[in-house]
1. I want to confirm something. Restricting to the range 33-49 and keeping residues that are among the aliphatic types (A, V, I, L, M) and in a helix (DSSP H, G or I), which single residue is farthest from H21 (Cα to Cα)?
2. Pick from the range 12-25 the residues that are open to solvent by 80 Å² or more (accessible area, probe 1.4 Å) and free of Cβ contacts under 8 Å to residues at least 24 places away in the same chain: which of them is nearest to V72 (Cα to Cα)?
3. For residues that are in a helix (DSSP H, G or I) and not basic (K, R), scanning just the range 1-11, find the one that is least open to solvent (accessible area, probe 1.4 Å).
4. For the range 26-45, check the following and say yes or no: at least one residue is surrounded by 13 or more Cβ atoms within 10 Å (Cβ to Cβ) and of a type in the set (F, W, Y).
5. In this structure, does L67 turn out to be surrounded by 14 or more Cβ atoms within 10 Å (Cβ to Cβ) and modelled with pLDDT under 95?
6. Taking only the range 1-45 into account, find how many residues are β-branched (V, I, T) and under 18 Å from Y56 (Cα atoms).
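The values are calculated or read from the model by the stated rules, or taken from the named source; none is laboratory data. Given the structure is predicted, the values throughout are model-derived calculations rather than measurements. When we count neighbours, we look across all protein chains shown, and the Cβ atoms used for this are built from the backbone with ideal geometry, even at glycine. For accessibility, only protein heavy atoms count, side chains too; no ligands or nucleic acids. Shrake-Rupley method; radii C 1.70, N 1.55, O 1.52, S 1.80 Å.
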Amino acid sequence: MPRVKPNPVDRLLPLSLPIFHMLLELTEGERHGYALKRGILSRTQGKLNLGSGALYGSINRMLEDGLIEESVSVPIRTR
């Protein structure tokens with residue numbers, strides 16, 4: 001019986017709620033941490049208000065997992 005090669009995406013699942021919403025927000029373009037927080041708050045109509053620990057902890061996890069990468073220059077976007 002042939003060995004089944006594990007899918008590298010499986011190790012990332014399930015996505016936590018903060019990471020899921022951050023990735024949704026990042027589909028619209030680059031954002032810094034506070035812009036992610038505001039966007040998620042708006043997108044969820046105030047139901048998901050990330051504290052700094054959850055926000056920056058999730059950003060660090062996504063960086064480590066290769067889901068996102070740091071930008072040298074992030075344009076400031078307002079909503």
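1. Taking the range 33-49 and keeping what is among the aliphatic types (A, V, I, L, M), we get 35-36, 40-41, 48.
With the extra rule that they be in a helix (DSSP H, G or I), the set shrinks to 35-36, 40-41.
Values: A35: 12, L36: 9, I40: 6, L41: 10 Å.
My answer is A35.
2. Filtering the range 12-25 down to residues open to solvent by 80 Å² or more (accessible area, probe 1.4 Å) leaves 13-14, 17, 20.
From what's left, free of Cβ contacts under 8 Å to residues at least 24 places away in the same chain: 13-14, 20.
Working: L13: 28, P14: 29, F20: 23 Å.
Looking at the filtered set, the residue picked out is F20.
3. We begin by selecting, within the range 1-11, every residue in a helix (DSSP H, G or I); these are 8-11.
If we keep only those that are not basic (K, R) too, we end up with 8-10.
Working: P8: 93, V9: 76, D10: 92 Å².
Going through the qualifying residues, I end up with V9.
4. Within the range 26-45, none of the residues are surrounded by 13 or more Cβ atoms within 10 Å (Cβ to Cβ) and of a type in the set (F, W, Y).
5. On the way: surrounded by 14 or more Cβ atoms within 10 Å (Cβ to Cβ): yes; modelled with pLDDT under 95: yes.
The answer is yes for L67.
6. Here the count works out to 2.
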